[in-house]
Amino acid sequence: MMQKTSQLELLQALLQRPSVNGDERRVTEYLAEFLANHGITSELIELSPGRAGLVAEIGPQNRPVVALAAHADTVAVGEADNWQYPPFAATVANKRIYGRGAVDMKGGLAAMVCAVVALHEQESSLPVRVRLIVSTDEEVGGLGAAQLVATGHLKDVVAVVIGEATSGEVQYAHNGSFDYQVTSIGKLAHSSQPQLGVNAVMNLVQFINQEPTVFANAPVSEVLGPVIHSVTVFHGGEQLNSIPDQAYLQGNVRTIPEFDNEQTKAGFERLITQLNQQPGVNLSLSVVADFAPVVTAPTNPLVQQMQQAVAAVTGVQPPLAISNGATDASRYVIGNPALEVVIYGPGDEAQSHQVDESLPLDEYYQAIEIYQRFIMRL
């Protein structure tokens, strides 16, 4: 049985190993060694140089497979001088641990690893086979999760727990995320003779003005609510006295099953085709990232079991909730449409990506026990 000192040491070791998106291998290699020291075999799943996910399994071979899933990458630190505690020092203060990734999501990752080690000690009595899945690239494009689907590591999984921070809630559904770019090609000219050019910026503005019409008749999900869409980046023009010949915008759509990513893409393509019929308009769409919406019924036994496990450990009945964010589950359900998903992890979601990101240690220790209790009572 791992003691709290060892559980804390693991979390500190993960936080002290920077794994900003694109450089995750040092974390997964450490975890492979850590698991091996506890008699658990794991496999590193190479994505590209410096990047590798990890998969490990415990439990009887003939039982249904339930996955505990986390990601190894974090977002960047930003300006390190703005941090009160160094972002990779894993400082413990005020009953919290500070560092980049403490909440998103090395706290959940470490808790799952500790739970797997504890469950391994009673492996023969496990009611399910437990697969620990650690992905790369969750913070950008989900390439690591997509790779794990392609290599068949989700094919036989009946249920998955995503260890993202949930602010004390048990989450059963989240929006999809459709990130896109629209590029406008025009013709350069002097601003004193605009009729000789094609203004790429103004043509792109037409898309912005009409983008809401794509969703005008979209249904509202009973679970997730309406589609949420925003243009978030706009770039055009290089010189004040020149008609811009190139411009682009980027946007994000939080999709729902009733109006999903494919319908969103098709709607944008129809709008662009319509606009391109005008003289001089040349717009094109590219998909930056594509995460499907995920919905498991709140009455699902998996969700109910997680709620009971959290209540038993914390003494507080956690609310069931949805999230407008997206997780690796968006990839996992593509490879396994019948997959049941529940999301629970330590920490306050609002701390994610923040300066002085921090996690209460009591929530971390509780999460370890919650994951164990959840598995043993399935």
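The values are calculated or read from the model by the stated rules, or taken from the named source; none is laboratory data. Small disclaimer: the values here were computed from a predicted structure and weren't measured. No Cβ is skipped: glycine too gets one built from the backbone with ideal geometry, and neighbour counts run over all protein chains shown. When the accessible area is computed, the model is the full protein with side chains, heavy atoms only, and any ligands, DNA or RNA have been set aside. Shrake-Rupley method; radii C 1.70, N 1.55, O 1.52, S 1.80 Å.
Summary of computed values
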read-out	value
Paramagnetic label zone (point 7 Å from Cα along Cα-to-C-beta, Glu121; backbone N under 18 Å) in the stretch 358-378	365-377
For the chain, accessible area per residue (1.4 Å probe, heavy atoms of protein chains only), Å²	42
Mean-position separation - Cα centroids, the stretch 240-269 and the stretch 301-375, in angstrom	32
Two-site label geometry, Gln239 and Gln210: point separation in nm, points 7 Å out along Cα→Cβ	3.1
For the stretch 78-172, alpha-carbon Rg relative to the globular expectation (2.2 N^0.38 Å, N residues)	1.32
30 Å Cα-Cα reach of Lys155 towards lysines, excluding residues that sit fewer than 8 places from it in its own chain	Lys106, Lys265
Efficiency of FRET from Cβ geometry, Asn282 and Ala311, R₀ 56 Å, rounded to 0.05	0.45
Convex hull volume per residue in cubic angstrom - Cα atoms of the stretch 281-323	118
Surface share of carbon and sulfur [accessible, 1.4 angstrom probe, percent] for the chain	49
Under DSSP loop assignment and at most 16 Cβ neighbours within 10 Å, longest trypsin sites (Lys or Arg not before Pro)-free interval of the chain	156-376
The stretch 58-96 and the stretch 115-145: distance between their alpha carbon centers, rounded to Å	14
Nonlocal amide H pairs with Ala159, under 5 Å, H built at 1.01 Å	Ala67, Glu340
Accessible area of His190 in the full protein assembly, 1.4 Å probe (Å², nearest 10)	100
Whole-Hz couplings from phi, Karplus 6.51/-1.76/1.60, listed for the stretch 284-289; x for Gly and Pro	9, 10, 9, 8, 8, 8
Rg/Rg_globular for the chain, with Rg_globular taken as 2.2 N^0.38 Å and Rg from C-alpha atoms	1.10
Compactness of the stretch 1-143 as Cα Rg over 2.2 N^0.38 Å, two decimals	1.06
Net lengthening on full extension, Ala80/Leu44 (0.36 nm per residue, minus Cα-Cα)	9.9 nm
Inter-site label distance for His190 and Arg377 at 7 Å from Cα along Cβ, in nm	7.8
Label-point separation, Thr151 to Lys95 (7 Å along Cα→Cβ), nm	4.1
Ala289-Gln3 FRET efficiency (beta carbon distance; Förster radius 56 Å; 0.05 resolution)	0.85
Relative contact order (%) - the chain, alpha-carbon pairs under 8 angstrom, separation at least six	24
³J(HN,Hα) computed for each position of the stretch 91-102 - Karplus, 6.51 cos²θ - 1.76 cosθ + 1.60, integer Hz, glycine/proline x	6, 9, 7, 6, 6, 10, 10, 10, x, 5, x, 4
